[in-house]
Every structure is written in C-alpha cells, then in structure tokens.
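**Q** First, the structure itself, so that you have it in front of you.
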Amino acid sequence: MSGHSKWAKIKHKKGDADAKRGALFTKLSKEVTAAAKEGGGNIETNFRLRAAIARTREYNMPQSNVENAIKKGTGEIPGIIYENVIFDARGPGGVALIIEGLTDNKNRTTAEVRNILNKKGGELSGAGSSAFMFTKKGYILIDKSKATEDAVMEVALDAGAEDIKTEADGFEIICEPADLEKIKNALVAKKIETATAEVTMIPTSTVVVAGNMARNVLGLMEALEENEDIQKVHANFDISDEEIARISAE
C-alpha cells in the first residue's frame, strides 16, 4: 500500500490527542481563507471552499473561526494574503515528495522546508521533478469497524468510484477529484462514517522502506507537517503493516 494511505491511517489513529490544536486550526483557517480568495465565499459554487469547511467540521473548529476565515478571503475583513507553494523533494531512500503549503512569506517557508529536509535526510529537488510520479485523485478511508465490504463497495461504485481496496483494517476508495463529494455524500446517506476524505496525490510507483529507513521517512513526514505553513505532504513510499506496528510500539 502506498505511503499516502499508511500516513493517513497513522495520523487518524494518532488523532487530536497529540495534535497541537491551535496550530491545526491555523492551518484549517488558512485553507478556508485561500479557498474563499480563489473562488469566492459561496460554498455552493466553490468546491475547494466546501472541502475546506468539511475538514474544519471533522476537527470541530468553531464556526466563528470559519466565518472569519471566509471573510478574510473575500476581503470583508482585513487579513493576511496567503499564496500557494509547492515543493518537490527527495527523502531518505530516494522517496519522492510533493510538499504543499500556504504562506504569507514564500522565502521564509522555503528556508524552513529546506532546513527540515536537511535535518531529516532529504533535499529539495527541481520544480516538477516529483510531480510526474503522482496523479491527483479523490481518496476516502473507512475503518472496517464502520461498515462491511459489501456495503462500501455497493455505495461507492454506484456513486462513481474508480477503485476500492480492502486492507487489514480499512477500505480505501479512489475516485476522480470531481466525484469525491458525491461519493462521500452517498456514504453519509447510508450512515457510513469516513475517517479521511480528501483530494490528494496518489503515487504511480512506490519505494519500499523498512527498519531505520522507515523510521526516517515517517520522521520527515511528521516534521514537515508540524510546520505551520505546510498543509499536505505526499510521498511515494510503501511500508508494511508489521513495520508500522513495530515503529508505533517503540
């Protein structure tokens, strides 16, 4: 299984208990503001904004924070202007990375990302050097405790899913980005709870990591995502469930 899905599971299991809630809300607010600036404050016509608001609800972000973030994006109240940044990089073992962020100071964020990579065994690479190894897709993760395989397959396929994978502890649904919201809504209508639902970058090939290499890759992913300006990190590593269990137990 690709590093994206394993990393999504690790983060989901870690949950809010060890997340810095203030930093998380800052990231969510940035995304809402950027989405509103890009496509306006109407969630009916702005898919990116709808997706951003859906994430705020997953983490119980106060509605007042969401409303203020939208108004900053539409210019109704003063706010910092954020720009999208994307970094191509290589991690330990040659793992390809795409690092997405929102920042009010690109030079600062670039320096911080470079510093994290250098400390964790990675390096920035040329623009576009990692992008060809990934495809933008909708991704939904469902815990096995929340539904049966037959129920998930029936709903997701009827709603337009491209692929459904059954793993040890969950179901993964892959779809076109434009179909993500429709599939998620169909699952919700059947009372099937999703652990993750997002547009992401799925790797077309993977690098297997284990032992110290696996620890180093996961450490790099976590360090990058702890940075306030970084929204998402995509990587093309593959790691076994057994390796994850060993690392988690340490």
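The values are calculated or read from the model by the stated rules, or taken from the named source; none is laboratory data. Note that the structure is predicted; figures quoted are calculated from it, not measured. Ideal geometry is used to build each Cβ from the backbone, glycine not excepted, and the neighbour counts take in all protein chains shown. Accessible surface is based on the protein model in full, side chains and every heavy atom, while ligands, DNA and RNA are left aside. Shrake-Rupley method; radii C 1.70, N 1.55, O 1.52, S 1.80 Å.
**Q** Percent of Cα-Cα pairs more than 18 Å apart in the stretch 158-250, please.
**A** Cα-Cα pairs in the stretch 158-250 separated by more than 18 Å: 59 percent.
**Q** By its C-alpha gyration tensor, with a ≥ b ≥ c as the square roots of the eigenvalues, how is the stretch 45-95 shaped: rounded for a/c under 1.5, else prolate for a/b larger than b/c, else oblate?
**A** prolate
**Q** OK, next. Roughly how many Å² of Asp229 are accessible to a 1.4 Å probe, to the nearest 10?
**A** The accessible area comes out at roughly 10 Å².
**Q** Now, a different point. Can you classify the stretch 133-178 as rounded, prolate or oblate using the Cα gyration tensor, where a ≥ b ≥ c are the square roots of its eigenvalues, rounded means a/c under 1.5, and otherwise it's prolate if a/b beats b/c and oblate if not?
**A** In terms of gyration-tensor shape, oblate.
**Q** While we're on this one: Gaussian network model of the chain, Cα springs within a sub-10 Å range: biggest mean-square fluctuation belongs to which of Asn118, Asn227, Asn107?
**A** Of Asn118, Asn227, Asn107, the Gaussian network model singles out Asn107 as fluctuating most.
**Q** Work out the charge dipole of the chain with +1 on the Cβ of Lys and Arg and -1 on the Cβ of Asp and Glu about the Cα centre, then indicate which of Ser205, Leu187, Ala127 is farthest towards its positive end.
**A** Looking along the dipole axis, the top candidate is Ala127.
**Q** Rg and Dmax of the stretch 92-188 over Cα atoms: what are they, in angstrom?
**A** 18.1, 49
**Q** Just to verify a number: what accessible area does Ile77 come out at with the full protein assembly present, 1.4 Å probe, Å² rounded to tens?
**A** Answer for Ile77: close to 50 Å² accessible.
**Q** Also: Calculate the dipole size of the chain relative to its Cα centre from +1 charges on Lys and Arg beta carbons and -1 charges on Asp and Glu beta carbons; express the result in debye to the nearest 20.
**A** 640
**Q** In addition: Karplus couplings for the stretch 203-218 from phi (6.51 cos²θ - 1.76 cosθ + 1.60, θ = phi - 60°), rounded to Hz, Gly and Pro as x?
**A** Result, ordered by residue: x, 8, 8, 10, 10, 6, 10, 7, x, 4, 4, 5, 4, 5, 5, 5 Hz.
**Q** Then there's this: Which value, in Å² rounded to 10, gives the accessible area of Leu24 with a 1.4 Å probe and all protein chains present?
**A** 30
**Q** Can you give me the accessible area per residue for the stretch 117-167, using a 1.4 Å probe, in Å²? The partial results should precede the final answer.
**A** Values: 2810 Å² over 51 residues.
Value for the stretch 117-167: 55 Å² per residue.
**Q** Beyond 22 Å between alpha-carbons counts as too far, so tell me which of Lys30/Lys191; Lys144/Lys190; Lys72/Lys137 fall in that bin.
**A** Lys30/Lys191; Lys72/Lys137
**Q** For the chain, what's the relative contact order in percent, using C-alpha pairs closer than 8 Å and at least 6 residues apart?
**A** 24
**Q** What do you reckon, how do Lys27, Lys144 stack up by accessible area (1.4 Å probe), largest on top?
**A** Heavy-atom accessible area, descending, gives Lys144, Lys27.
**Q** While we're here: Under 5 Å between amide H atoms, partner at least 5 residues away or on a different chain: which partners does Gly170 have, H built in plane at 1.01 Å?
**A** Sorted by chain and number, the residues that satisfy this are Lys144.
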